[in-house]
Each structure stands twice: as C-alpha cells, then as structure tokens.
Amino acid sequence: MKIYIAGPMTGRPEFNYPAFHQAAALLRANGHAVINPAENPAPACGSWLGYMRMSVAQVASVDCLVMLPGWAFSKGARIEYLLARLLGLGVKSLKKMGARA
C-alpha cells in the first residue's frame with residue numbers, strides 16, 4: 001500500500017521530524033511504500049504554502065493516509081485529512097496500522 005504520513009509539524013520541536021521518520025521506518029518495515037513529508041526538500045519560496053502545495057499533490061497520489069498523534073490540532077494535517085476523505089482514500093492512525101511511534 002502507498003501511504004502518506006500526516007501530522008503536526010509547525011510549532012513542534014524539530015518540526016516533529018523524529019516522529020515522522022520513526023513512523024516511516026515502521027511502515028516501510030511492514031512492506032508499505034511511504035511518502036514522508038519530513039523527507040521533502042524545502043520549496044523555493046520556503047513558505048508554509050509551498051510545503052502544502054507539495055503535500056496536496058502527494059496526498060492525491062497515495063492509497064491511504066496514516067495520521068500521527070496530534071494531527072487534529074494541525075492546520076496542514078487537517079487539510080490533508082479532508083482532502084483524503086473527499087478523494088475517498090483510507091485514513092488510519094499509526095496505532096491501527098499495527099505500529100507505534
């Protein structure tokens with residue numbers, strides 16, 4: 001399954017990258033193809049909108065989103081969640097995927 005990891009970044013220590021990387025490693029170890037936004041290059045503009053433009057295209061390319069803890073308090077992750085739901089994609093928590101971050 002091709003999975004996009006969604007979760008809070010803004011305002012978190014290290015932009016929450018350690019949690020994203022840990023989730024990606026666990027999902028990959030279970031045989032999934034993973035898109036980890038913490039691995040994205042910085043957009044040329046360096047803005048939040050630039051990052052969201054990348055994420056929207058990535059969400060549209062996957063089968064499922066895996067939501068990290070705290071996602072509901074993240075504007076970006078809520079946008080990704082809503083897009084996934086509107087596109088009819090699966091949305092699961094990391095815990096329900098049988099992995100813990």
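What follows is calculated from the coordinates using simple rules that are stated; it is not laboratory data. In this text, all values refer to a predicted model and were calculated from it rather than measured experimentally. Ideal geometry is used to build each Cβ from the backbone, glycine not excepted, and the neighbour counts take in all protein chains shown.
Test Arg28 against the criterion of being in contact with a helix residue (DSSP H, G or I) (Cβ under 9 Å, 6 or more places away or on another chain) and of a type in the set (D, E, K, R), and give yes or no.
no
Picking from Ser55, Ser61, which residue would you name as being of a type in the set (Gly, Ala, Ser), touching a strand residue (DSSP E or B) at 6+ places or on another chain (Cβ under 9 Å) and surrounded by 12 or more Cβ atoms within 10 Å (Cβ to Cβ)?
One residue alone meets the criteria, Ser55.
Would you please name the residue that is surrounded by the most Cβ atoms within 10 Å (Cβ to Cβ), looking only at residues in region 1-22 that are among the small types (Gly, Ala, Ser) and closer than 12 Å to Leu65 by Cα?
For region 1-22, the residue satisfying everything is Ala6.
With respect to the numbered conditions (1) surrounded by fewer than 14 Cβ atoms within 10 Å (Cβ to Cβ); (2) within 16 Å of Ile3 (Cα to Cα), which one is the sole condition not fulfilled by Glu80?
(1)
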